[in-house]
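Trainee: Structure in structure tokens, see below.
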Ligand SMILES: C[S@@+](CC[C@H](N)C(=O)[O-])C[C@H]1O[C@@H](n2cnc3c(N)ncnc32)[C@H](O)[C@@H]1O
């Protein structure tokens, strides 16, 4: 397995402002993620690429036991400032966490896969599958490919934001969208969709998936 790309400089700049500028834009998605987590009666959750830990903290406050995993020291520094007895953070590559297999009821990957190269996306999905119990779930939050007029406008805004995030980041976003966005990723990972909800004119979806049919 190739080492994960070093994006530390990118997140060093973003980390101190992430909770004020970016996380609030995802409030509805996080709320839906919490409702779905409650619905499946999950107790243990691993949040892969947890960033500054906003969703992880929200779920811990809601009574779930949450482990957040991230590779950026700067993002984790922000995350570790969000203390909660049910919440722990691990500095690791989400593609190879070193956590025991079959350990969690739910793995979450939120707004992280679109910015990664295709092979790393696949490895993180495999790791998520390894970490969940046989009856466990994977909850994915990421870009979809809306086709409505308003959705296409939202895609132009996303395109501009992803371009600002840097050339490599933008190139990965483009390949993610060209490969079908979140729905394409779910298909290729052979996951079964249990529920999918659209936000921001269909630009972002929150999908609950499992490896088995109900
Ligand atoms: C856009 S942020 C998303 C953060 C959070 N999940 C959210 O919903 O806001 C992407 C995160 O992925 C992390 N990341 C990138 N590559 C990673 C890897 N290989 N393993 C773990 N985390 C990684 C970055 O450090 C960053 O915190």
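Trainee: Among the listed residues 138, 124, which satisfies the condition of being closer than 28 Å to residue 161 by Cβ, away from the ligand (no atom under 13 Å from the Cβ) and touching a residue at least 60 places away in the same chain (Cβ under 8 Å)?
Mentor: Values: 124 fails: away from the ligand (no atom under 13 Å from the Cβ).
None of the others qualify; the one that does is 138.
Trainee: Which residue, of 56, 118, 60, 42, is out of contact with any strand residue (DSSP E or B) (no Cβ under 6 Å at 6 or more places or on another chain) and either farther than 20 Å from residue 190 by Cβ or surrounded by fewer than 18 Cβ atoms within 10 Å (Cβ to Cβ) (or both)? Reasoning before the result, please.
Mentor: Numbers: 56 fails: out of contact with any strand residue (DSSP E or B) (no Cβ under 6 Å at 6 or more places or on another chain); 60 fails: out of contact with any strand residue (DSSP E or B) (no Cβ under 6 Å at 6 or more places or on another chain); 42 fails: out of contact with any strand residue (DSSP E or B) (no Cβ under 6 Å at 6 or more places or on another chain).
Of 56, 118, 60, 42, the one residue that is out of contact with any strand residue (DSSP E or B) (no Cβ under 6 Å at 6 or more places or on another chain) and either farther than 20 Å from residue 190 by Cβ or surrounded by fewer than 18 Cβ atoms within 10 Å (Cβ to Cβ) (or both) is 118.
Trainee: Kindly state which helices (runs of 4 or more DSSP H) lie completely within segment 144-198 and contain at least 3 residues that are under 20 Å from residue 124 (Cβ atoms), touching a helix residue (DSSP H, G or I) at 6+ places or on another chain (Cβ under 6 Å) and touching a residue at least 24 places away in the same chain (Cβ under 8 Å).
Mentor: 167-178
Trainee: Okay, moving on. Run residue 91 past the list (1) more than 8 Å from the ligand (Cβ to nearest atom); (2) within 13 Å of residue 139 (Cα to Cα) and report the number of the one that doesn't hold.
Mentor: (2)
Trainee: In segment 19-82, which helices (runs of 4 or more DSSP H) lie fully inside it and hold 2 or more residues that are at pLDDT below 95?
Mentor: Answer list for segment 19-82: none.
Trainee: Here's another thing I want to ask about it. Under the condition of being within 9 Å of the ligand (Cβ to nearest atom) and part of a loop (DSSP other than H, G, I, E, B), which residue from segment 94-112 is surrounded by the most Cβ atoms within 10 Å (Cβ to Cβ)?
Mentor: That would be 94.
Trainee: Hey, could you check segment 54-76 for residues that are more than 11 Å from the ligand (Cβ to nearest atom) and touching a helix residue (DSSP H, G or I) at 6+ places or on another chain (Cβ under 7 Å) and say which is farthest from residue 103 (Cα to Cα)?
Mentor: Applying the first criterion (more than 11 Å from the ligand (Cβ to nearest atom)) to segment 54-76 yields 57, 59-67.
From what is left, the residues that are touching a helix residue (DSSP H, G or I) at 6+ places or on another chain (Cβ under 7 Å) are 59, 62, 64, 66.
Numbers: 59: 17, 62: 20, 64: 14, 66: 12 Å.
Checking each candidate, the answer is 62.
The values are calculated or read from the model by the stated rules, or taken from the named source; none is laboratory data. From a predicted model like this one, the values you see are computed outputs, not experimental measurements. Note: ideal-geometry Cβ built from the backbone for every residue, glycine included; neighbour counts use all protein chains shown.
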